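**Student:** Take this structure first; my questions come after.
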Amino acid sequence: MKGNQATDFLQYKDRFYDINFSAPIYNNRLIIKVQDLKYAKKNSRNNVHSGVRLLVLGKDTVRYDQILAIAKVENSALFIRDVVNIKKQDDGAAYRFFSSSVLTQCQEDGIISSDKLDLFVYLFVISKFFIKIIFIL
């Protein structure tokens, strides 16, 4: 992309909330800058632990209590320390958070629990995003 200018952009504007998001599209690929992969993964994990304890996906939500419930299950992929009083720069916690084991814990007998569907989608999509970044780099 060096030396070339993107001519297309993905744009999202919301006047009520004063949101103006724009990301360049280059060779039919959305370009989002991240400092590094580990930082992006930790930041994505920390989004769920924000002060409001809620991440909105359309009309559905990913909530802190969903993650806490997973961490409290015996033999969980997540430790309580990954959810309560977290260390925001913990690489291991970010790795565990986006692991397939946590996706499995969102299911009961292979069926995604309705109360964890949004969490499953968030974890799945972000995990796939990181895999794509690894192959692009």
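The values are calculated or read from the model by the stated rules, or taken from the named source; none is laboratory data. All figures in this text were calculated on a predicted structure; none of them were measured in a lab. With ideal geometry, Cβ positions are generated from the backbone for all residues, glycine too; neighbour counts draw on all protein chains shown.
**Student:** Can you work out which of the residues in region 34-77 that are hydroxyl-bearing (Ser, Thr, Tyr) and either modelled with pLDDT under 70 or over 14 Å from Leu123 (Cα atoms) (or both) is surrounded by the most Cβ atoms within 10 Å (Cβ to Cβ)?
**Tutor:** So, considering only residues that are hydroxyl-bearing (Ser, Thr, Tyr) and either modelled with pLDDT under 70 or over 14 Å from Leu123 (Cα atoms) (or both), the one surrounded by the most Cβ atoms within 10 Å (Cβ to Cβ) is Ser76.
**Student:** Would you be able to tell me the number of residues in region 78-99 that are exposed (fewer than 15 other Cβ atoms within 10 Å of the Cβ) and farther than 18 Å from Ala40 by Cα?
**Tutor:** The qualifying residues number 5.
**Student:** Which residues, counting only those in region 80-118, are part of a loop (DSSP other than H, G, I, E, B) and either touching a Cys at 6+ places or on another chain (Cβ under 8 Å) or among the β-branched types (Val, Ile, Thr) (or both)?
**Tutor:** Val83, Val84, Ile86, Ser113, listed by residue number.
**Student:** Checking Ile19 against (1) in contact with a Lys or Arg (Cβ under 9 Å, 6 or more places away or on another chain); (2) assigned by TED's automatic domain parsing to the domain that holds Phe120; (3) of a type outside the set (D, E, K, R); (4) modelled with pLDDT under 75, which test does it fail?
**Tutor:** For Ile19, the failing item is (2).
**Student:** Being among the β-branched types (Val, Ile, Thr) and either loosely packed, with under 12 Cβ neighbours inside 10 Å or not assigned by TED's automatic domain parsing to the domain that holds Ile70 (or both) is the filter here; which residues of region 105-119 pass it?
**Tutor:** Ile111 - this is the single residue of region 105-119 that is among the β-branched types (Val, Ile, Thr) and either loosely packed, with under 12 Cβ neighbours inside 10 Å or not assigned by TED's automatic domain parsing to the domain that holds Ile70 (or both).
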